[in-house]
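See below for the structure under consideration.
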Amino acid sequence: METPLQGPLLDRLDESAPRWRLADELPLATLDAVPGVARLQTQLLHNRGVSGPEAVAAYLASDWRAPHAPLPGETDAVARLRQAIAAGERIRVFGDYDTDGMTSCATLLLALRALGAQADPYVPRREDDGRGLNIEAVRELAAGGAQLIVTTDCGSANVAEVALARSLGLEVIVTDHHPPQGETPACLIVNPQLACASADSATGAAGAVAVDPPERDLAGVGVAFRVAQALLAGSPTLVNAALTADVLLESLLDLVVIGTIGDVVPLTASNRALARAGLARLAQAPRVGLRALLQRVNLTAANITERDISFALAPRLNAGARLGEPLTALHLLITDDAGEAQRLAARLDTLNQQRQQLTDQMMTQARIQAAEQMAQPDAPPLTFVVGDAWHFGVIGLAASKLSEEFGRPAVVISRVGDECRGSARGPEGFNLVEALAERPEVFKRFGGHARAAGFTIDVGELSALRERLITRLKTRNTSALPSDEHSADGTFESAPARSTAQEREPLLVDCRLPLNRLTLDTYRVIRKLAPFGMSNPEPLFVAQGARLMRCWQSGVEGRNLRLALRDRGAERVFLWARQGALCPQLRATLPTLPLFDVVYSLDAYARSDGEMDLTPRIVALRPLR
């Protein structure tokens, strides 16, 4: 019989857990049909659409050096860059201020300098300049004597800014990966999302140039790397005679993986090959600045994973730009001075702590507005919150958190006088940029990706914008809403936001994996398919009928929960992030709790003695009742 405390607790666990379904498990004959490949790998690859000996072998052997067609506009852009290098023109590499923008700026800058170019970086300040090229920056670069601007991770929508540059005597080359919305600039453009014919690119006209799907998904840093690769083709003479083009390119791969993982682009063939090689480079020979940052956050380079990039490295690189110091991160990425690298890494760590504090303060206010909206009888399918002078650098983070916590797209607005800066985040299946682009005339500027967009708008347009987005959302199937199951504060206080949990797409669990299979050998087998991310999701497993033996809180302020779970074969300790507040209730009812089905992912960390320990991470915990 359930105790009075146990009943509500189990109800909340049951209601909050996302639905999941088990993938079709392959028969043994199929699992053994690929020589030299573990059964578990065969099953995981099958679940990701990779089946048969040839397809599996090609996937596992993916190589960043594999031949690829030039990107649209690449040939003309490379020819113009070579001309500029030969003529000694002053080049400014203009990078966006996020991780992808800064790594792509560093990638192209280092390649140009290796070829003897007079090249310097320019990264805009988020709070002053906004995203992409801007009028003030163009005037500043022209006054400073620049002759050629090369953008990275931005520029495809900067029609007026490019026109101004040309009127001031500057040429512009855009390297970008964002889908253009409407007219494109009259300049050379390298963008896998843009069918830009070489013959017409100087006038901005568009033509039909096919791009292979593997290259279409490149991050901004991937585009910059392809341009660098083309620049360095043909054994050019480098400033450092002891350096070869191949060695230089390989040294840039640690930048490529950070930008690729940090920008959450699909890990399709080219991106996976580049990111995989980049992880290997990080593990074996990270550049001076990244080595200092790894040391700062107590990470061992040899065991680096994409999770470490997402949760440790990228946030610190972003923190500089979020708090007005974008060049701090860029200088860390390009320095070869160990002392400077240590200083810059320490500064980024401090800025990241400040960023966390600002985000927490903003979220306290934003959650109040969001909860009031959710409490309405006809709760809108959109979280839309507005604050006075909220810090521009963290409104995107707040939008991401609200979208996760309340299970729907979120828009966060910072209002300063009559002008508002906004950031929007949403689930797969709802294209935010397209939604904004329906009425481009109401924005002073806007842009971004399908699931992440930013804009500047007059305060008088806010109400109409909110109503347009709500109307558009109501016309789509809400089953596409995300299935993030954890709130950020480790409680179930956001339960009303999960009222649609049973309508969401269920999680796909790759296979049953009982606890006695959780070994370092199993972990290593899984990691051979890494890196994981969009289009190559981190594998999920289920242990069925597990009993909770013990639990305790861990982490800062006890925010996380550790659970010792036992099934028929073994006992293992699991981490359940941000659920520490459940600990007292679970302990109070421990003897009478039922068995659980546990959906989990498998991670590992290096102890101080260098040995590895497994960390199974709970994704869903459902009581069997």
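See the values below:
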{"quantity": "Residue within the range 450-464 that is of a type in the set (Lys, Arg), surrounded by fewer than 16 Cβ atoms within 10 Å (Cβ to Cβ) and out of contact with any strand residue (DSSP E or B) (no Cβ under 6 Å at 6 or more places or on another chain) present", "calculated": "no"}
{"quantity": "Helices (runs of 4 or more DSSP H) contained in the range 68-179 and holding at least 1 residues among the hydrophobic types (A, V, I, L, M, F, W, C) and closer than 26 Å to residue 444 by Cα", "calculated": "99-114, 135-143, 159-167"}
{"quantity": "Filter pass, residue 440 being more than 19 Å from the chain's Cα centre (by Cα) and crowded, with 16+ Cβ neighbours inside 10 Å", "calculated": "no"}
{"quantity": "Boolean, residue 367 is modelled with pLDDT of 90 or more and in a strand (DSSP E or B)", "calculated": "no"}
{"quantity": "In the range 419-445, residue farthest from residue 159 (Cα to Cα) [restricted to those that are without any contact (Cβ under 8 Å) to a residue 24 or more places away in the chain and outside any helix (DSSP H, G or I)]", "calculated": "431"}
{"quantity": "Flag if residue 384 is in contact (Cβ under 8 Å) with a residue 60 or more places away in the chain, over 24 Å from residue 263 (Cβ atoms) and either of a type in the set (A, V, I, L, M, F, W, C) or touching a Pro at 6+ places or on another chain (Cβ under 7 Å) (or both)", "calculated": "yes"}
{"quantity": "Residue satisfying condition, being under 27 Å from the mean Cα position of the chain (by Cα), open to solvent by less than 20 Å² (accessible area, probe 1.4 Å) and aliphatic (A, V, I, L, M), within set 138, 78, 123, 162", "calculated": "123"}
{"quantity": "One residue from 386, 394, 412 being open to solvent by less than 10 Å² (accessible area, probe 1.4 Å), among the aliphatic types (A, V, I, L, M), under 15 Å from residue 466 (Cα atoms) and outside any loop (DSSP other than H, G, I, E, B)", "calculated": "412"}
{"quantity": "Residues located in the range 329-356, provided they are among the acidic types (Asp, Glu) and either open to solvent by less than 50 Å² (accessible area, probe 1.4 Å) or at positive phi (or both)", "calculated": "349"}
{"quantity": "Single residue of the range 596-625 satisfying the filter (buried (at least 16 other Cβ atoms within 10 Å of the Cβ) and over 30 Å from the mean Cα position of the chain (by Cα)) that is farthest from residue 524 (Cα to Cα)", "calculated": "623"}
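The values are calculated or read from the model by the stated rules, or taken from the named source; none is laboratory data. Because the structure is predicted, anything quoted here is derived from the model rather than measured. All Cβ positions, glycine included, derive from the backbone under ideal geometry; neighbour counts span all protein chains shown. When the accessible area is computed, the model is the full protein with side chains, heavy atoms only, and any ligands, DNA or RNA have been set aside. Shrake-Rupley method; radii C 1.70, N 1.55, O 1.52, S 1.80 Å.
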